[in-house]
Amino acid sequence: MSYTLVSDATLDLPMELIETDHIEVIPMAFNLDNKEIVHYPDERNMTLEDFYTALKNGKTSSTSQINPAVYVEFFTPYLEKGEDIIYIGLTSGLSGTYQSALIAKDMLLEDFPERKIYIIDTSCASAGLGYFLHLTAKKKEEGLSIDELKDWVLENHKRVAHWFIVGDLFHLQRGGRLSFAEAMLGSALKIKPIISVNDEGKMFVENKVRGIKKSMEYMIGKIIEDMDDEERSLFIAHGDNEEAVLELKEKILERTDVRDITITKIGPVIGSHTGPGMLAVLFMQKEA
């Protein structure tokens, strides 16, 4: 039975991979200085360069979750064609979109009781979600049925390692991740909190280092220590930080045997909360 792999615009996956992986993406809105802009992966309404320039110029951005009606409208054409759906979206640890998708599923099954609609909560966000969707799409291409793919996703999604730093601590402070005093002190001392995502999909600060060089070394150490021996691919992501991401890639190539490295950008939905300068590595951890 044919089925469609669906995610949302927080996946922060390069457009060429979205197309080759055959992932359907639900757009998401952000509000930039009281103007609502709908973000699509192809940046048709605002480029990422313009978005981060606006933040650097002092504009503020906020986001809201996808409501059930949007899911119903997006899923319906696929169900009408007789296709089943597996939706893998932003973790419920950071957003209420998962609950909206569940509500939409119950509504749709009343009209399409013969169809399968799997709504899967992950502990993944942003480029971590994109990285996992990329691996999931490869499994789909191998011929897995929708039930087999669902089982694989549930068995593996918590193995995605998210390690990142931000360029501006005050973006984390505005989001409640740091106190104002911590943001002030950290900025003055050039301290970089090393942030990750736990099994519930919530962000936490694991460590603090001084300067971007040491933060890169810390993340590379995590790759060396924790990366799965079978899945030797990783993503590097950045929020308008091209110079740093290229430097990080070079260091990874020097220090590890990883050669399958994809660079991607942080979109405006997640970027509204992390701000310019974010730098991240995403990879599969060894099985426990």
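Miscellaneous remarks
- Cross-link reach is defined here as a Cα-Cα straight distance under 15 Å, omitting same-chain residues fewer than 8 places apart; for K116 the aspartates and glutamates meeting it are E80, E83, D84, D106, D147, E148, D151.
- Gyration tensor (alpha-carbon) shape descriptor, segment 40-119, a/c threshold 1.5: prolate
- Charges were assigned to the Cβ only: +1 to each Lys and Arg, -1 to each Asp and Glu. The resulting dipole of the chain about its Cα centre is roughly 1340 debye.
- Cα pair distances of the chain binned at 5 Å [whole percent]: 1, 5, 12, 17, 19, 17, 13, 8, 5, 2, 1, 0
- Sequentially through segment 220-230, phi angles give Karplus couplings (6.51, -1.76, 1.60; θ = phi - 60°) of 5, x, 5, 4, 4, 7, 10, 5, 4, 6, 8 Hz, Gly and Pro residues having no value and appearing as x.
- Vicinal HN-Hα couplings computed from phi for segment 39-53 (Karplus, 6.51 cos²θ - 1.76 cosθ + 1.60; Hz; Gly/Pro x): 8, 10, x, 7, 6, 5, 9, 6, 6, 5, 4, 5, 4, 5, 4
- Too-long pairs where the Cα-Cα distance tops 26 Å, listed order kept, from K138/K249; K35/K213; K56/K213; K214/K249; K139/K214; K35/K192: K35/K213; K139/K214; K35/K192
- Here the Karplus curve 6.51 cos²θ - 1.76 cosθ + 1.60, taken at θ = phi - 60°, turns the phi angles of segment 142-152 into couplings of 6, x, 5, 6, 4, 6, 5, 5, 4, 4, 5 Hz, with x standing for Gly and Pro.
- Estimated 222 nm signal from helices in the chain, with DSSP H stretches of n ≥ 4 weighted -39500 (n - 2.57), rounded to 500: -12500 deg cm²/dmol
- DSSP loop GluC sites (Glu not before Pro) with at most 11 other Cβ within 10 Å excluded, longest remaining stretch of the chain: 1-113
- Scanning residues 5 or more positions from S95 or on other chains, none has an amide H under 5 Å from its amide H, with H placed 1.01 Å from N in the peptide plane.
- Only aspartates and glutamates eight or more places from K222 in sequence, or on another chain, were considered; those with a Cα closer than 19 Å are D199, E206, E230, E231, E247, E250, E254, D257, D260, E287.
- Dipole axis of segment 41-180 (+1 Lys, Arg; -1 Asp, Glu on Cβ), positive-most option in M46, I120, I86: M46
Rule-based calculations on the coordinates, nothing more; no lab input. Fair warning: this is a prediction, and the values are worked out from it, not measured in the lab. Cβ sites come from the backbone with ideal geometry, for glycine too, and all protein chains shown count toward neighbours.
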